[in-house]
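Visitor: I have a structure here, written as structure tokens, and I will follow up with some questions on it.
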Amino acid sequence: MSKWLLRGLVFAALMVIVRLLQGAMINAWETKAGLISVVLIVLFAIAVFVWGVLDGQADARANPDPDRRDDLAMTWLLAGLFAGIVSGAVTWLISLFYKSLYVEALVNEVTTFAAFTALLVFLASVAGVSLGRWLVDRNLEKQPRQHHGLAEAAADQDRADTDVFAAVSQTGTEATETAPTEARREE
């Protein structure tokens, strides 16, 4: 199961639970509808944020080099889109049998509400990922770099064709590259 699918399924299920709770609580306390809705959405966003922080920390620990880290923004964007569309469709389906839900037409649920859910998931998770990476990176500068011998050299050779700096930092090429430039200066 891909990363975005797992996150999308979890947050689609969580959003359906939020919508069910919202319907039940608003029916019980009608005068507190605004407060109930805001509190439930903030709790949902906190859950997304916490998973984003954990994702960012795990990614930063796995890849100390920021250029080699996973594209978690795209993972979370896909998860948010999936969570929005699926939770909107499932909530609409539940509303056919449970009339206490505050649900619009199917088209509104899988477009407008899905866009809101996708944006909420994306923004909260990217903020969490950024914080998680920062928490790991701020301590990384204090630790000395550890070289693991031949295994690291072999791994660097595997990446040499895609590493921009490997092409320009080859030993021995500096002397041959600067010689014609110095010769032109002397003329």
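The values are calculated or read from the model by the stated rules, or taken from the named source; none is laboratory data. Predicted, not measured: the structure shown is a model, and the values here were computed from it. Glycine gets a Cβ as well: all are built from the backbone with ideal geometry, and neighbour counts include every protein chain shown.
Visitor: Just checking, how many residues over segment 90-125 are more than 14 Å from Phe11 (Cβ to Cβ) and either part of a helix (DSSP H, G or I) or not assigned by TED's automatic domain parsing to the domain that holds Leu20 (or both)? It would help to see each step written out before you state the result.
Guide: Step one: list which residues in segment 90-125 are more than 14 Å from Phe11 (Cβ to Cβ), which gives 92-112, 115.
Subset that is either part of a helix (DSSP H, G or I) or not assigned by TED's automatic domain parsing to the domain that holds Leu20 (or both): 92-95, 106-112, 115.
Number satisfying all stated conditions: 12.
Visitor: Count, please, the residues in segment 76-125 that happen to be surrounded by 22 or more Cβ atoms within 10 Å (Cβ to Cβ), over 17 Å from Gln22 (Cβ atoms) and among the hydroxyl-bearing types (Ser, Thr, Tyr).
Guide: 1
Visitor: Also, quick follow-up: Under 8 Å by Cβ, and 6 or more places apart or on different chains, what pairs join a residue from segment 106-128 that is closer than 19 Å to Leu6 by Cα with one that is among the hydroxyl-bearing types (Ser, Thr, Tyr)?
Guide: Ala114/Ser87; Thr117/Ser87
Visitor: Tell me, yes or no, whether segment 136-150 has at least one residue that is modelled with pLDDT of 85 or more and either under 31 Å from the mean Cα position of the chain (by Cα) or outside any helix (DSSP H, G or I) (or both). Don't jump to the end; show me each part of the working.
Guide: Step one: list which residues in segment 136-150 are modelled with pLDDT of 85 or more, which gives 136.
Okay, now just the ones that are also either under 31 Å from the mean Cα position of the chain (by Cα) or outside any helix (DSSP H, G or I) (or both), so 136.
Scanning segment 136-150 turns up at least one residue that is modelled with pLDDT of 85 or more and either under 31 Å from the mean Cα position of the chain (by Cα) or outside any helix (DSSP H, G or I) (or both).
Visitor: Separate question: Look through segment 52-75, keep the residues that are out of contact with any Ser or Thr (no Cβ under 7 Å at 6 or more places or on another chain) and buried (at least 17 other Cβ atoms within 10 Å of the Cβ), and return whichever of them is farthest from Leu120 (Cα to Cα). Full working, then the answer.
Guide: Within segment 52-75, the first condition is being out of contact with any Ser or Thr (no Cβ under 7 Å at 6 or more places or on another chain), and the residues that meet it are 53-55, 57-75.
From what's left, buried (at least 17 other Cβ atoms within 10 Å of the Cβ): 53, 55, 57, 59-60, 72, 75.
Values: Val53: 15, Asp55: 17, Gln57: 21, Asp59: 22, Ala60: 23, Leu72: 15, Thr75: 14 Å.
Checked segment 52-75; the qualifying residue farthest from Leu120 (Cα to Cα) is Ala60.
Visitor: Residue check, Asn63 against (1) touching a residue at least 24 places away in the same chain (Cβ under 8 Å); (2) within 17 Å of Arg138 (Cα to Cα), all met but one. Which one?
Guide: (1)
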